[in-house]
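Here is the structure we will look at.
The values are calculated or read from the model by the stated rules, or taken from the named source; none is laboratory data. As the structure is a prediction and not an experimental result, all values here were calculated from the model. Cβ: placed from backbone, ideal geometry, glycine included. Neighbour counts: every protein chain shown.
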Amino acid sequence: MTSIDVHELSKNYGRIRAVDDVTFTVRPGVVTGFLGPNGAGKSTTMRLILGLDRPTSGTASLGGQSFVDSGQPLALVGALLDPFAAHPARTARDHLLALAVSNRLAPRRAERVLEEVGLAEAARRRIRTFSLGMRQRLGIAAALLGDPPVLMLDEPSNGLDPEGIIWIRETLRRLAGEGRTVLVSSHLMGETASFADHLLVLGRGRVLADTTLDDFIATHAQRRVRVRTATGTRVREVLTRSGLDPVEDDDDRWLVPGVRAEELGALLAREGIPVLELADEHASLENAYLALTSGEAEYATRPTTAEV
């Protein structure tokens, strides 16, 4: 099986260090989510792996070989980095046929992958007429053309309708289940949580996390409880006296971090406080991701103040 092996990889653009001594392995049989804020170095890292940029130092290999040294690259790695890369004047079928011929692949593969991604009826349409979602499907078809052991996809859900999102989610898991290596870059935390088994997180060009999805959430997302009573002021006093730090939510609800619902319920019962609602809030990938990367974003929004 073919893994992606990156060792001490760095890339400088003038004085800017886009990728900073990165080392990781993307293994077969799981879907690895590739996360990080804008400017974290994800796209640059993927380009370095594919030989589209030359590293300042370090190496990136696929199953022990460089992608640029492969005599049949589409049979090694299928990649979607830009859905607008296909020539707009070509038809979808001709675009895939050109890729197939240049990689010594059977022309029938073009028809097969068009069927697989749901574009068979649009095969003879010019790509300039395609919506973003259709371009994404065509890009995925190109990635699947060589039946490669490695897939690298950048934001594959972007522009897809709900049916398409479900389809790509199931496709990613199927490909990993076949023993392929699947690396997917995304900014959609909820969607990543639906398909990823493993997470690789970059921030300012460095690896911040390389772990399973479950371990990542458990490590970086704080447990909390949602509670609602009819005596809000007293609840704050009781919880604060017990060393907790409640945060007031809407509709007389409180969010209490660092405690379980059963523990909080017992505390309020001892104080004679009637509880109208009490529930553990499950930690999410989004919570964990924001907790880890809050200081790593190159571009971040700031609250505005009204002019007077």
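From the residues in segment 184-230 that are assigned to a loop (DSSP other than H, G, I, E, B), over 14 Å from the mean Cα position of the chain (by Cα) and not basic (Lys, Arg), which one is modelled with the highest pLDDT?
Checking each candidate, the answer is Gly205.
In segment 83-108, what residues are more than 28 Å from the chain's Cα centre (by Cα) and either of a type in the set (A, V, I, L, M, F, W, C) or assigned to a helix (DSSP H, G or I) (or both)?
Residues satisfying the conditions are Ala89, Arg93, Asp94, Leu97, Ala98, Ala100, Val101, Ser102, Leu105, Ala106, Arg108.
Sort out which residues of segment 201-220 are of a type outside the set (A, V, I, L, M, F, W, C) and touching a Ser or Thr at 6+ places or on another chain (Cβ under 9 Å), and write them in order of number.
Going residue by residue through segment 201-220, those that are of a type outside the set (A, V, I, L, M, F, W, C) are 203-206, 210-212, 214-215, 219-220.
Within segment 201-220, Gly203, Gly205, Asp210, Thr211, Thr219 meet the criteria.
Quick check on segment 68-77: of everything there that is assigned to a helix (DSSP H, G or I) and over 23 Å from the mean Cα position of the chain (by Cα), which residue is modelled with the highest pLDDT?
Result: Ala75.
Take the residues in segment 231-240 that are of a type in the set (Val, Ile, Thr) and surrounded by fewer than 14 Cβ atoms within 10 Å (Cβ to Cβ), then tell me which one is farthest from the chain's Cα centre (by Cα).
Result: Thr233.
List pairs: first residue in segment 123-134 and under 12 Å from Leu160 (Cα atoms), second residue in a helix (DSSP H, G or I) and modelled with pLDDT under 95 anywhere in the structure, Cβ distance under 9 angstrom, at least six positions apart or on different chains.
As it stands, the answer is Gly133/Gly164, since those pairs meet every condition given.
Before we move on, is Asp245 modelled with pLDDT under 85, farther than 23 Å from Thr212 by Cα, among the charged types (D, E, K, R) and not assigned by TED's automatic domain parsing to the domain that holds Leu199?
No: the conditions fail for Asp245.
Could you please find all residues in segment 241-255 being outside any loop (DSSP other than H, G, I, E, B) and either surrounded by 14 or more Cβ atoms within 10 Å (Cβ to Cβ) or touching a helix residue (DSSP H, G or I) at 6+ places or on another chain (Cβ under 6 Å) (or both)? Steps first, answer last, please.
Taking segment 241-255 and keeping what is outside any loop (DSSP other than H, G, I, E, B), we get 241, 247-248, 253-255.
Passing the criteria: Arg253, Trp254, Leu255.
Here's a check for you: in segment 208-228, which residue that is buried (at least 19 other Cβ atoms within 10 Å of the Cβ) and of a type in the set (Val, Ile, Thr) is nearest to Gly33 (Cα to Cα)?
Taking the candidates together, the pick is Ile217.
Filter segment 188-207 down to the residues that are in contact (Cβ under 8 Å) with a residue 40 or more places away in the chain and not hydrophobic (A, V, I, L, M, F, W, C), then identify the one that is surrounded by the most Cβ atoms within 10 Å (Cβ to Cβ).
First pass over segment 188-207, keeping only residues in contact (Cβ under 8 Å) with a residue 40 or more places away in the chain: 189-190, 192-193, 195-207.
After this cut, where a residue has to be not hydrophobic (A, V, I, L, M, F, W, C) as well, the list is 190, 192, 197-198, 203-206.
On the way: Gly190: 10, Thr192: 23, Asp197: 16, His198: 22, Gly203: 22, Arg204: 19, Gly205: 25, Arg206: 16.
If we take residues in segment 188-207 being in contact (Cβ under 8 Å) with a residue 40 or more places away in the chain and not hydrophobic (A, V, I, L, M, F, W, C), then Gly205 is surrounded by the most Cβ atoms within 10 Å (Cβ to Cβ).
Inside segment 12-40, can you point out the residues that are free of Cβ contacts under 8 Å to residues at least 60 places away in the same chain and surrounded by 14 or more Cβ atoms within 10 Å (Cβ to Cβ)?
If the condition is that a residue be free of Cβ contacts under 8 Å to residues at least 60 places away in the same chain and surrounded by 14 or more Cβ atoms within 10 Å (Cβ to Cβ), then Asn12 is the only one that fits.
So that you can scan it fast, the table gives a plain yes or no per residue for (1) among the small types (Gly, Ala, Ser); (2) more than 25 Å from Lys11 (Cα to Cα):
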| position | (1), (2) |
| --- | --- |
| Gly36 | yes, no |
| Leu48 | no, no |
| Ser57 | yes, no |
| Leu62 | no, no |
| Ala79 | yes, no |
| Asn103 | no, yes |
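For segment 144-162, what are the residues that are buried (at least 23 other Cβ atoms within 10 Å of the Cβ) and outside any loop (DSSP other than H, G, I, E, B)?
Val150, Leu151, Met152, Leu153
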